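S.K.: Dropping the structure in here first, questions after.
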Amino acid sequence: MKLKHIAELTLGNPEADFWIIRRGNANQVGRPTREYSPEHIGVSVTRPDLVIPNYLFYVFEFLANQGSFEAMAQGTTNLKTISVKDLKNIPLKTS
């Protein structure tokens, strides 16, 4: 299962459950935040029967701390960007 099967990811969504930092340095890109910005990728859980939004927020924190988004990020040394398409295809293990 991929993230796109349980959540909707969009730009400019002030009503999302939380947001992913889309643009910044290598340490910022991919980190979840509770603060809205039109530049951030909004994550809205569409399958709350499978995952709680707060849990998914902490999953993204874990992935960011593990450096999972550094390989996905494109750009120069000081300005990296991650795409909605890349995030939608993050595999999630269910069991």
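The values are calculated or read from the model by the stated rules, or taken from the named source; none is laboratory data. For clarity, every value in this text was computed on a predicted model and none was experimentally measured. Positions of Cβ are backbone-derived with ideal geometry, glycine not excepted, and every protein chain shown enters the neighbour counts. SASA here: full protein model, heavy atoms, side chains in, ligands and nucleic acids out. Shrake-Rupley method; radii C 1.70, N 1.55, O 1.52, S 1.80 Å.
S.K.: Would you mind telling me the share, in percent, of accessible area of the chain contributed by carbon and sulfur at probe 1.4 angstrom?
M.R.: On the way: 2870 of 5760 Å².
Answer for the chain: carbon and sulfur cover 50 percent of the accessible area.
S.K.: Could you list the square roots of 5 times each eigenvalue of the Cα gyration tensor of the stretch 4-71, that is, the equivalent ellipsoid semi-axes, sorted largest first and rounded to whole Å?
M.R.: Working: eigenvalues 69, 44, 16 Å².
In descending order the semi-axes read 19, 15, 9 Å.
S.K.: Ignoring everything but the protein chains, give the 1.4 Å probe accessible area of THR10 in square angstrom, nearest 10.
M.R.: Per-residue accessible area (THR10): approximately 40 Å².
S.K.: Tell me, what HN-Hα J-couplings in whole Hz come from the Karplus equation 6.51 cos²θ - 1.76 cosθ + 1.60 at θ = phi - 60° for each residue of the stretch 22-34, using x for Gly and Pro?
M.R.: Calculated HN-Hα couplings, in order: 8, 9, x, 7, 4, 7, 8, 4, x, 6, x, 8, 9 Hz.
S.K.: Treating the angle as unsigned and between 0 and 90°, give the value, to the nearest 10°, between the Cα long axis of helix 53-65 and the longest Cα principal axis of the chain.
M.R.: The answer is roughly 30 degrees.
S.K.: Starting from the Cα gyration tensor of the stretch 42-83, take the square roots of the eigenvalues, sort them a ≥ b ≥ c, and report rounded, prolate or oblate (rounded when a/c is under 1.5, otherwise prolate if a/b is larger than b/c, else oblate).
M.R.: Details: a/c = 3.66, a/b = 2.18, b/c = 1.68.
Prolate, since a/c reaches 1.5 and a/b exceeds b/c.
S.K.: Can you run phi through the Karplus equation (6.51, -1.76, 1.60; θ = phi - 60°) for the stretch 35-46 and list ³J(HN,Hα) in whole Hz, with x for Gly and Pro?
M.R.: Result, ordered by residue: 9, 6, 8, x, 7, 7, 8, x, 10, 10, 5, 9 Hz.
S.K.: Further, regarding this structure: Given a Förster radius of 22 Å and the C-beta distance between LEU50 and LEU11 as r, what FRET efficiency does 1/(1 + (r/R0)^6) yield to the nearest 0.05?
M.R.: Values: r = 24 Å, r/R0 = 1.08.
Efficiency at R0 = 22 Å is approximately 0.40.
S.K.: Quickly estimate the mean residue ellipticity at 222 nm for the chain, helices only: each DSSP H run with n ≥ 4 gives -39500 (n - 2.57), and the total goes over all residues, rounded to 500. Before the final figure, lay out the partial values.
M.R.: Numbers: 2 runs with 18 residues, N = 95.
It comes out at -5500 deg cm²/dmol, rounded to the nearest 500.
S.K.: Which of the aspartates and glutamates could be linked to LYS2 by a straight reach, that is with a Cα gap under 13 Å, when you skip same-chain ones fewer than 8 residues away?
M.R.: ASP86
S.K.: Mark the label point 7 Å from the Cα of GLN74 along Cα→Cβ and return the residues of the stretch 6-29 whose backbone N is within less than 17 Å of it.
M.R.: Residues 11, 22-26, 29 fall inside that zone.
S.K.: Related question: Which residues' amide hydrogens lie under 5 Å from the amide hydrogen of PHE18, considering only partners 5 or more residues apart or on another chain, with H built in the peptide plane?
M.R.: Answer set, sorted by chain and number: VAL43.
S.K.: While we're looking at this one, here's another question. So which aspartates and glutamates can LYS80 reach, going by Cα to Cα under 15 Å and dropping same-chain residues fewer than 8 places off?
M.R.: Candidates past the 8-residue exclusion: GLU39, GLU70.
S.K.: For the stretch 12-95, which GluC sites (Glu not before Pro) are in a loop by DSSP, counting at most 10 other Cβ atoms within 10 Å? Walk me through the numbers before you get to the answer.
M.R.: Numbers: sites: GLU15, GLU35, GLU39, GLU61, GLU70; in loops: GLU15, GLU35, GLU39, GLU70.
Answer by residue number: GLU15, GLU35.
S.K.: Hey, another quick one. In nm, to one decimal, how far is the modelled label at VAL59 from the one at ASN25, with both set 7 Å along Cα→Cβ?
M.R.: Output for this residue pair reads 2.9 nm.
S.K.: A follow-up question, please. Identify, among VAL84, ILE52, MET72, the residue whose Cα sits farthest towards the positive end of the charge dipole of the chain, taking +1 on the Cβ of Lys and Arg and -1 on the Cβ of Asp and Glu, with the dipole about the Cα centre.
M.R.: Farthest along the dipole direction, towards plus: MET72.
S.K.: Over the chain, give the accessible area per residue in Å² for a 1.4 Å probe, as an integer. Walk me through the numbers before you get to the answer.
M.R.: Numbers: 5760 Å² over 95 residues.
Result: 61 Å² of accessible area for each residue.
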